[in-house]
1. Working only within the range 1-35, note down all residues that are more than 23 Å from L118 (Cα to Cα) and small (G, A, S).
2. Select from the range 101-124 the residues that are of a type outside the set (A, V, I, L, M, F, W, C) and farther than 24 Å from Q24 by Cβ and write down the one among them that is farthest from the chain's Cα centre (by Cα).
3. Do we find that N124 is modelled with pLDDT under 95 and loosely packed, with under 15 Cβ neighbours inside 10 Å in this structure?
4. Is there a residue being in contact with a Pro (Cβ under 9 Å, 6 or more places away or on another chain) and closer than 18 Å to V116 by Cα anywhere in the range 75-93?
5. In the range 6-26, which residues are part of a helix (DSSP H, G or I) and either of a type in the set (D, E, K, R) or over 22 Å from D108 (Cβ atoms) (or both)?
6. I'm trying to understand the selection: among the residues of the range 27-44, which are over 12 Å from the mean Cα position of the chain (by Cα) and either closer than 19 Å to G66 by Cβ or in a loop (DSSP other than H, G, I, E, B) (or both)?
7. List, please: which pairs have Cβ atoms under 7 Å, are six or more places apart or on different chains, and start with a residue in the range 1-22 that is modelled with pLDDT of 75 or more and end with one that is surrounded by 10 or more Cβ atoms within 10 Å (Cβ to Cβ) and in a loop (DSSP other than H, G, I, E, B)?
8. Going through the range 53-74 one residue at a time, which ones are of a type in the set (G, A, S) and touching a Ser or Thr at 6+ places or on another chain (Cβ under 7 Å)?
Amino acid sequence: MPENPFDSIEDPQLSPFLKGKSDQTLALLKGFYTACANLTPVAIRTTKSMISIGTPSGQVWVTQLGKNFVHIIFPFKEPYHDNLCFTKIAQVPGQQQYNHHFRMYQLDDVNEEVTVFLKRALIN
């Protein structure tokens, strides 16, 4: 597995997001990236306000790095209401896209159920 890009807060693409974040939040972000990379090779891209972790066929968006959590959006073409991991599911206005909101507080929050959805988002 390649080196975790979140190991260095000096990366010019990532430093605006990582500077000043708690050790707990950085550990969660690294853990989430590792979970993604264990499924398939992934690339990191950034916008002004979000970090994308993705493949040519799909991606997830890190939208918030809190004091003790990481907020991630899984975009799907249909809503998956029957789950215990998403705190909110919202349709993007005017599109056939449903954003599934996942908030990670502990490394083991990326459990079997989350991994199934992560595979769907990144590989399918």
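The values are calculated or read from the model by the stated rules, or taken from the named source; none is laboratory data. Please read all numbers here as calculations on a predicted model, not as lab measurements. Methodologically, a virtual Cβ is constructed for each residue, glycine included, from the backbone with ideal geometry; neighbour enumeration extends over all protein chains shown.
1. Narrowing the range 1-35 to residues more than 23 Å from L118 (Cα to Cα): 8-13, 15-16, 19-23.
Passing the criteria: S8, S15, G20, S22.
2. First, the residues of the range 101-124 that are of a type outside the set (A, V, I, L, M, F, W, C): 101, 103, 105-106, 108-109, 111-113, 115, 119-120, 124.
Then keep just the ones that are farther than 24 Å from Q24 by Cβ; that gives 119-120, 124.
Details: K119: 12, R120: 13, N124: 16 Å.
Within the range 101-124, the match that is farthest from the chain's Cα centre (by Cα) is N124.
3. Spelling it out, N124 is indeed modelled with pLDDT under 95 and loosely packed, with under 15 Cβ neighbours inside 10 Å.
4. yes
5. Within the range 6-26, the subset part of a helix (DSSP H, G or I) is 6-7, 15-18, 23-26.
Within the range 6-26, D7, S15, P16, F17, L18, D23 qualify.
6. Listed by number, the residues that qualify are A27, T40, P41.
7. If the second residue must be surrounded by 10 or more Cβ atoms within 10 Å (Cβ to Cβ) and in a loop (DSSP other than H, G, I, E, B), the pairs left are P5/D11; P5/L14; F6/L14; S15/I9; L18/I9; K19/I9; S22/N68.
8. Our first condition is that a residue be of a type in the set (G, A, S); within the range 53-74, this holds for 54, 57-58, 66.
Correct list: G66 only.
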